[in-house]
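My questions all concern the structure below.
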Amino acid sequence: MITLRLKANRPEDCERAAALLRQGALVAVPTETVYGLAADARQPTAVNAIFQAKDRPRSHPLIVHLHDWEEMQRWASIIPLEARVLAKAFWPGPLTLLLHKSSGVNRVVTGGLDTIALRVPDHPVLLPLIKRLGTGLAAPSANLHKQLSPTSAEQVHKQLDGRIAAVLDGGPCRVGLESTIVDLTAGPPRILRSGPVSRQEIEAVLQMQVELPQTHQVAVPGNMQQHYQPHTPLYVLSAETLTARARTPGRWAILTHIPATAEIAGADGNPGQIMPADKAGYARELYGALFQMDQAQPDAILLERPPQSEQWHDVNDRLQKAATFIE
Ligand code: AMP
Ligand code: MG
């Protein structure tokens, strides 16, 4: 299969992407979080093909992307008040709500479960595309199973060329990390996956306490310890250890984020990058930086441990899944 390269700023290319999705083909699409591998969620054969293209186990449920929060009613059987409140506050945006699925939704989408994950993405090209299709798009991250989530069309091509019909290039993703997932199906709201919408923001809107998994737990299939990995071993180290290790013989790719250690990033011709010091900037660049370091095939990627405050919870969660070793 030849994977088409489509441009999101060309209306005829968006039309082509829509036509392919209507036919049941797979198209990687830009969202504000990461690129998604989309199929029409109403076509079980098309959804099935997502699992095949990604080598993803069929028990790992997919997120369905909608163009408007009122569409929730078509996909979920019960809409609790919290869902309406959170949707009004954060959609379009990087928050996924877990609800009970409506009876018409095929279980191929939900990994066999009776719950469904829904989100309205905040993307100027994707939203009108979903609206035009008049359906929901099942779209997990557009990476091969257990590899890094792509935040550019180039990264999608590197992993999925020849496996999918097209990639719609909408430029780099604005947020860069996968959405926050909140479970509203049982008991008080619970965060299953931390993400760009923080616990504090959710608690402020709901005016109640919300549980956040402190250490990583296997809460659901598809949310597992080993995930999002580069091919190269990734070591997350304190600034001191990183500095010492970087001076030992070897080909080290170095990702730092504070000026004190910046001088060793890229020293001796080794690959390296100084990451933004602010959380949003860091999150936006993380997967792209790991991807680039990985391409250089060093002995290991040495990454300076980011701040451990709750604000950085999503970044540290993804690093925990990606790292071979964390100091
Ligand atoms: P991805 O878009 O690749 O990050 O994958 C979507 C993730 O959303 C899954 O791996 C699960 O962690 C979560 N998810 C989606 N649907 C459900 C569901 N019905 N129940 C629990 N978790 C879900
Ligand atoms: Mg994923």
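State which residue pairs qualify: first residue without any contact (Cβ under 8 Å) to a residue 40 or more places away in the chain and inside the stretch 8-24, second residue of a type in the set (A, V, I, L, M) and open to solvent by less than 100 Å² (accessible area, probe 1.4 Å) in any location, beta carbons under 6 Å apart, and separation of 6 or more residues or different chains.
G24/A46
Another one. Across the stretch 58-73, what is the total count of residues that are open to solvent by 50 Å² or more (accessible area, probe 1.4 Å) and either touching a residue at least 60 places away in the same chain (Cβ under 8 Å) or aromatic (F, W, Y) (or both)?
Result for the stretch 58-73: 3.
Within the stretch 235-247, track down each residue that is part of a loop (DSSP other than H, G, I, E, B) and at pLDDT 90 or above.
S238
Further question on the same structure: Among the residues of the stretch 96-107, which ones are more than 16 Å from ligand 2 (Cβ to nearest atom) and either open to solvent by 30 Å² or more (accessible area, probe 1.4 Å) or in a strand (DSSP E or B) (or both)?
L97, L99, H100, K101, S103, G104, N106, R107
Now for a different question. Say whether the condition of being under 26 Å from P189 (Cα atoms), touching a helix residue (DSSP H, G or I) at 6+ places or on another chain (Cβ under 8 Å) and among the basic types (K, R) is met by at least one residue in the stretch 95-104.
yes
Report, by residue number, each residue of the stretch 292-303 that is part of a strand (DSSP E or B) and open to solvent by 10 Å² or more (accessible area, probe 1.4 Å). Give the steps one after another, and end with the answer.
Our first condition is that a residue be part of a strand (DSSP E or B); within the stretch 292-303, this holds for 300-303.
Selection gives nothing.
Continuing with the same structure: Being at pLDDT 95 or above, in contact with a Leu (Cβ under 7 Å, 6 or more places away or on another chain) and assigned to a helix (DSSP H, G or I) is the requirement here; does R16 meet it?
Judged against the criteria, R16 is a match.
Please verify whether E82 is more than 19 Å from the chain's Cα centre (by Cα), under 23 Å from L192 (Cβ atoms) and in a helix (DSSP H, G or I), treating the condition exactly as stated.
yes
A further question on this structure: Which residue is least open to solvent (accessible area, probe 1.4 Å), if the candidates are limited to the stretch 108-118 and must be more than 16 Å from ligand 2 (Cβ to nearest atom) and assigned to a loop (DSSP other than H, G, I, E, B)?
V108
Looking only at the stretch 119-139, count every residue that is crowded, with 23+ Cβ neighbours inside 10 Å and more than 19 Å from R16 (Cα to Cα) and tell me the total.
3
Testing A46 on (1) more than 12 Å from ligand 1 (Cβ to nearest atom); (2) open to solvent by less than 10 Å² (accessible area, probe 1.4 Å); (3) not in a helix (DSSP H, G or I); (4) not basic (K, R), one condition comes back false. Which one is that?
Every condition holds for A46 apart from (3).
Given (1) within 30 Å of Q23 (Cα to Cα); (2) modelled with pLDDT under 90; (3) part of a helix (DSSP H, G or I), where does V156 come up short, assuming only one miss?
Condition not satisfied by V156: (2).
Taking E82 and the conditions (1) in contact with a helix residue (DSSP H, G or I) (Cβ under 8 Å, 6 or more places away or on another chain); (2) within 20 Å of K131 (Cα to Cα), which numbered condition does it fall short on, given that it satisfies the others?
(2)
Table: residues versus (1) under 15 Å from Q311 (Cα atoms); (2) touching a Gly at 6+ places or on another chain (Cβ under 8 Å); (3) open to solvent by 70 Å² or more (accessible area, probe 1.4 Å).
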residue	(1), (2), (3)
G162	no, no, no
G171	no, no, no
V175	yes, no, no
S179	yes, yes, no
D183	no, no, no
V197	yes, yes, no
P213	yes, no, no
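The values are calculated or read from the model by the stated rules, or taken from the named source; none is laboratory data. All figures in this text were calculated on a predicted structure; none of them were measured in a lab. Glycine gets a Cβ as well: all are built from the backbone with ideal geometry, and neighbour counts include every protein chain shown. Quick note on the areas: whole protein, heavy atoms, side chains included, nothing else; ligands and nucleic acids left out. Shrake-Rupley method; radii C 1.70, N 1.55, O 1.52, S 1.80 Å.
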